[in-house]
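Written below as C-alpha cells is the structure these notes are about.
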Amino acid sequence: MLLDYASGAADEGVSLIVATHLCFCPSCRALVALAESVGGALLDDVAPMRGDALVNALARLDNVAPEPKAEASRDGTPSSLRHLLGGDLSGVRWRAMGPKLAFANLFRRGQTRARLLKGMPGGDTGSHGHHAFEYTLVLQGGFIDETGSYGPGDLQVATPDIVHNPVADPGEPCINLAVTTAPLRFDRFIPRLAAKTFGF
Ligand code: ZN
C-alpha cells in the first residue's frame with residue numbers, strides 16, 4: 001500500500017487511508033519518502049524531460065487549485081482529513097445508527113465508500129463479513145475484535161475471509177476512518193436491515 005501510494009498507483013480510498021496513517025507513523029513516512037526519491041531517480045533515468053516538457057509539467061502544477069491554508073488543527077485532526085472535512089473532527093456532524101454508533105460520509109467512488117465511524121465505549125458494529133476489502137484506521141480511542149486490539153494510527157485490513165465484530169474500548173469514544181470497496185455482509189436480520197438503510 002505504501003509503494004502504491006508513493007508511485008501514485010493507489011486509488012482515492014487507499015490514498016486517504018495511507019495519507020492519514022502517515023500522520024501517525026514516522027517509520028512509514030520515511031519509507032514513503034524513500035520510495036518517492038527512488039521513483040523520482042528512476043524516472044529521471046528512464047524518461048529524461050526534453051525541451052519544454054519540464055516547463056509544461058510545472059505549468060500544470062500551477063493550474064492545480066492551491067491547497068487551503070494549512071491552519072493548525074485544534075484537536076489533532078490529521079491534515080489528510082481536515083482537507084476533506086473542511087475543519088476538525090470535533091466539528092463533524094454525526095448521523096446516529098443506534099445508541100452507541102454513529103457515522104459521517106466522506107465520499108463515494110463507485111463501490112468504494114469512505115466514512116468516519118464513531119463507537120461509544122462498549123459499542124459494537126454487529127458481526128459482519130466482507131465482500132471485498134475494509135480498511136479501518138483508528139483516529140482516536142481504540143477497538144478490539146477477533147483479530148486483535150487496535151489503537152490510534154493502527155490499520156486493520158479486513159478481507160473476505162474475515163468475520164468480525166469490532167467493539168469500542170472503554171474510555172473515550174473510538175473514532176475510525178473506514179474505507180470499504182464493497183458492501184458489508186451482515187448475517188443477522190436487524191443489523192442487515194440497518195446496514196441497508198444506512199448504505200453500509
Ligand atoms: Zn469489517
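No lab work stands behind these numbers, since they all come straight from the coordinates. All of these numbers come straight from a predicted model, not from anything done at the bench. Heads up, the Cβs are rebuilt from the backbone with ideal geometry, glycines too, and the neighbour counts pull from every protein chain shown.
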So, with +1 on the Cβ of K and R and -1 on the Cβ of D and E, and no other charges, what is the size of the charge dipole of the chain about its Cα centre, to the nearest 20 debye?
880
Add +1 for every Lys or Arg and -1 for every Asp or Glu among the other residues with Cβ under 11 Å from the Cβ of residue 176, and state the total.
0
Would you mind getting the Kirkwood hydrodynamic radius of the chain from its Cα pairs, rounded to one decimal in Å?
18.6
Give me P(r) over region 126-166, computed from all C-alpha to C-alpha distances, binned every 10 Å, as integer percentages.
31, 58, 12
Cysteines not pairable in the chain (beta carbon separation under 4.7 Å absent):
23, 174
Could you give each residue of region 84-95 its phi-based ³J(HN,Hα) in whole Hz, using Karplus coefficients 6.51, -1.76, 1.60 with θ = phi - 60°, and x for Gly or Pro?
6, 7, x, x, 8, 4, 5, x, 5, 8, 7, 9
Report, to two decimal places, the Cα Rg of region 81-198 normalised by 2.2 N^0.38 Å (N = number of residues).
0.99
